[in-house]
Amino acid sequence: MSAADVRVRRSLTELQARYEAGDRKPLEDLMRAWKGIKDRTATEHSSFFWLGGLHGEPFRGAGWGTNTYWGGYCNHGNVLFPVWHRAYLVALEKALQSVPGCEQVMLPYWDETSDETIANGIPWALTQKDIELDGKQIANPLRSFVFNQNITDFINGDNPNYSKPTGYETVRYPLSGLVGSAEEREATKIHNAMYPDYDQNVKLLNANIIAWLTSSIVVDGNTIPTDVKAKFIACLDAPNYTLFSNTTSAAQWNSDHSGKPPVVPLESPHNDIHLAVGGFDIPGADFSPIAGANGDMGENDTAGLDPIFFFHHCFIDRMFWLWQRKHGATDQLEIMEEYPGTNSVDSQGPTPGIAPNSWLNLDTPLNPFKEEGGRALTARDCINIERQLGYAYGPGSLEEQVAASVAAPAPGRSTKTLRVSGLNRAAIRGSFLIAAFAVIDGKRQLVGTESVLSRWSVQGCANCQTHLEAKAFIGLHTLDEATVDAATFDVEVHTRDGLMRQIHNPGQTGTERPAFSFEAR
């Protein structure tokens, strides 16, 4: 593919700036394209309902008919995570371009580590309630999606708690979208009635995003970042594709390499943003936490049905490309054979069309995506975005990290990592957040978080049952050794149903078996 054929995905903030300066066409065409695919019938394969639903619900094929499979087509917790979502974006982009008059539309990315996002939160094009298009005020097609077909939770039998009806509109923090049972509909009605002001809700959402991206602690007068932006930067230092690509592989590596800074996989900050938009606070943030927020972005089952999902994943794909450029991997990816995270049953279980307990590699089909000739698309087809897929990324944040040397631990810093293990996902409904705190000089401070993006019912997947343990590795390498040695730590698990467990003073004994364990080593 020649350079002339390569089209550019730009920052959504750039399109907004052009719109505000009078060049309204690029953003209006984007809105027009999104409105077009959302207006299509649910059964059309180029409709937003169909494409958004490929990620999780509504489960198709073997996805709900047998519990051998995870359900949705998305890959999480394995080495196909970056490449499957890359193919997903291309499919969505082609649908946008199929809307008459929108043939040149490219999917922009939400630049999540830009100064603009750090200062103001989510770009207004994704949150503004209404927008003028073709001389008419219409509901902004990027802020939500109203289901034009119901989704039914087949996983939970007589308790279909994650069903959503035709006419349901996706929600984000601070609202709740649980409407599957009469009990949950009533709880959601009561919760959402406390937040009737849309504009005020956007302010709360943006404040939450900013808190996730800017959290820090102060030790001996020094500000030490504990934020998601720092995670995005750190993931670019992952030494190989297998560890960079997913949480399962990185967890195994971190478990085997004590005394070294933990590798941060791309999937980790990706999960954080999902939970920040979907309904989790940063524990200990300066604003009041909102219990009961259950937005669609916070669960794998429905995340793909909120338009913001694709702008988030466009940024994740750009981060993938930045890592490839930094590590000379724009034309070849290497997968560590038979390593954790390279099997179809790792973490979430196999997706429809992939046999359970099979090894994943560059030639594994990225179902359900196919080339124009009908051949299944594979990771090998999605390595070089410019030469193979015909797109590139416009200017944005973190470009300087491509040329930066891999960060080395500062002299005198701790070599320890807080390692959380033994946490059973089967006991938790949906996604959850692991938060670690240290008491330093008498002050309790958040030292790190790990978001676990999960399905609403892990029990519905037989293969998931063999991979139930959730782990977290939170580096303490920004603190000096003496501070870590003198600190005491505690860990909280924040779930949709509240605070699951909190353990103080690791190593203490008692008659009750703890819900999980942790140690700093």
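Residues are listed down the side, and each one gets a yes or a no for (1) buried (at least 22 other Cβ atoms within 10 Å of the Cβ); (2) farther than 29 Å from Leu360 by Cβ; (3) in contact (Cβ under 8 Å) with a residue 24 or more places away in the chain; (4) among the basic types (Lys, Arg):
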{"residue": "Gly77", "(1), (2), (3), (4)": "yes, no, yes, no"}
{"residue": "Leu80", "(1), (2), (3), (4)": "yes, no, yes, no"}
{"residue": "Val90", "(1), (2), (3), (4)": "no, no, yes, no"}
{"residue": "Gln104", "(1), (2), (3), (4)": "no, yes, yes, no"}
{"residue": "Pro108", "(1), (2), (3), (4)": "yes, yes, yes, no"}
{"residue": "Asp111", "(1), (2), (3), (4)": "yes, yes, yes, no"}
{"residue": "Leu126", "(1), (2), (3), (4)": "yes, yes, yes, no"}
{"residue": "Ile131", "(1), (2), (3), (4)": "no, yes, yes, no"}
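Inspect region 167-175 for any residue being surrounded by fewer than 17 Cβ atoms within 10 Å (Cβ to Cβ) and farther than 25 Å from Tyr109 by Cα and give the result as yes or no.
Going residue by residue through region 167-175, those that are surrounded by fewer than 17 Cβ atoms within 10 Å (Cβ to Cβ) are 167, 169.
If we keep only those that are farther than 25 Å from Tyr109 by Cα too, we end up with 167.
Within region 167-175, one or more residues are surrounded by fewer than 17 Cβ atoms within 10 Å (Cβ to Cβ) and farther than 25 Å from Tyr109 by Cα.
Any idea which of Gln332, Gln348 is part of a loop (DSSP other than H, G, I, E, B) and surrounded by 15 or more Cβ atoms within 10 Å (Cβ to Cβ)? Break it down stepwise before answering.
Details: Gln332 fails: surrounded by 15 or more Cβ atoms within 10 Å (Cβ to Cβ).
Exactly one residue qualifies, and that residue is Gln348.
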> Any idea how many residues of region 93-121 are closer than 16 Å to Cys314 by Cα, among the aliphatic types (A, V, I, L, M) and not in a helix (DSSP H, G or I)?
Replying inline: 3
>> I need the full set of residues from region 357-383 which are open to solvent by less than 40 Å² (accessible area, probe 1.4 Å) and charged (D, E, K, R), in order please.
In response: Asp381
> When you go through His312, His327 one by one, which is the residue that is open to solvent by 30 Å² or more (accessible area, probe 1.4 Å), of a type outside the set (A, V, I, L, M, F, W, C) and out of contact with any Lys or Arg (no Cβ under 9 Å at 6 or more places or on another chain)?
Replying inline: His327
>> Can you say whether Leu243 is farther than 23 Å from Thr478 by Cα and under 24 Å from the mean Cα position of the chain (by Cα), as far as the supplied structure shows?
In response: no
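Specify the residue that is least open to solvent (accessible area, probe 1.4 Å); the eligible residues are those in region 291-309 that are over 23 Å from Phe59 (Cα atoms) and touching a Ser or Thr at 6+ places or on another chain (Cβ under 8 Å). Spell out the reasoning first.
Within region 291-309, the first condition is being over 23 Å from Phe59 (Cα atoms), and the residues that meet it are 291-293.
Right, trim to touching a Ser or Thr at 6+ places or on another chain (Cβ under 8 Å) and you get 292-293.
Working: Gly292: 34, Ala293: 5 Å².
Once the filter is applied, the top-ranked residue is Ala293.
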> Which of the residues spanning region 205-232 are surrounded by fewer than 20 Cβ atoms within 10 Å (Cβ to Cβ) and at pLDDT 95 or above?
Replying inline: Asn206
> Listed residues Ala42, Ala21, Ala17, Ala33; which is at negative phi and buried (at least 19 other Cβ atoms within 10 Å of the Cβ)?
Replying inline: Ala33
> Can you pull out the residues in region 503-521 that are open to solvent by 30 Å² or more (accessible area, probe 1.4 Å), at pLDDT 65 or above and under 29 Å from Ile290 (Cα atoms)?
Replying inline: Ser517
>> Pairs needed: first member in region 194-215, at positive phi; second member anywhere, assigned to a loop (DSSP other than H, G, I, E, B) and β-branched (Val, Ile, Thr); C-beta distance under 9 Å; at least 6 residues apart or different chains.
In response: none
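The values are calculated or read from the model by the stated rules, or taken from the named source; none is laboratory data. All figures in this text were calculated on a predicted structure; none of them were measured in a lab. Backbone-built Cβ (ideal geometry, glycine too); neighbour counts: all protein chains shown. These area figures cover heavy atoms from the full protein model, side chains too; ligands, DNA and RNA do not enter into them. Shrake-Rupley method; radii C 1.70, N 1.55, O 1.52, S 1.80 Å.
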